[in-house]
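Shown next, in structure tokens, is the structure this report addresses.
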Amino acid sequence: MSGLSLGETDTIEAPEGGTNIVHKVSSGVVKFQPLTIERNVDGSTDDTLFKEFFEQMFKFGGGGKGSSVRRDGSVVKKHFGTEVFRMAFFGAWVKSASFGDLEAGSANLLKQTVVLEHDGLELILAG
């Protein structure tokens, strides 16, 4: 999992008239990095959930709804089975989904990489 950024904003430099001092202020526009999930395709129900989400957006032969198909979710961090925190994401849609290389005779699990664009993250502490 990567892209767990709570947001960033651009910096605008505003010179103070008649001096050599520059003040830095926020642009006010908050941007979020895409979430990248790398997972094993293992026959679990998660395989079906990712497939259904992707197909709602990118239906082969047309009929997909594109980025209008959005979901909320969360990434949960646990320590010895106890939740430490979660990162909730909002309004996510699939930007891309791909699979790793298939190797004949390999015992490795097939990897899937899913990139989600979203409207924001919220850190939720346990307890």
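Of note:
- Number of positions in region 41-57 that are over 21 Å from Phe89 (Cβ atoms) and open to solvent by 50 Å² or more (accessible area, probe 1.4 Å): 2
- Residue in region 42-63 that is in contact with a Ser or Thr (Cβ under 8 Å, 6 or more places away or on another chain) and of a type in the set (Ser, Thr, Tyr) present: no
- Residue-level check: of (1) modelled with pLDDT of 85 or more; (2) surrounded by 14 or more Cβ atoms within 10 Å (Cβ to Cβ), Phe80 misses just (2).
- Some residue of region 60-74 being within 22 Å of the chain's Cα centre (by Cα), outside any helix (DSSP H, G or I) and free of Cβ contacts under 8 Å to residues at least 12 places away in the same chain: yes
- For region 1-31, a residue qualifies if it is open to solvent by 90 Å² or more (accessible area, probe 1.4 Å) and among the polar types (S, T, N, Q), and the qualifying residues are Thr11, Asn20.
The values are calculated or read from the model by the stated rules, or taken from the named source; none is laboratory data. Here the structure is a predicted model, which means the values were calculated and not measured. All Cβ positions, even for glycine, are placed from backbone atoms using ideal geometry, and neighbour counts span all protein chains on display. To get the accessible areas, we keep the full protein, side chains included, count just its heavy atoms, and leave off ligands, DNA and RNA. Shrake-Rupley method; radii C 1.70, N 1.55, O 1.52, S 1.80 Å.
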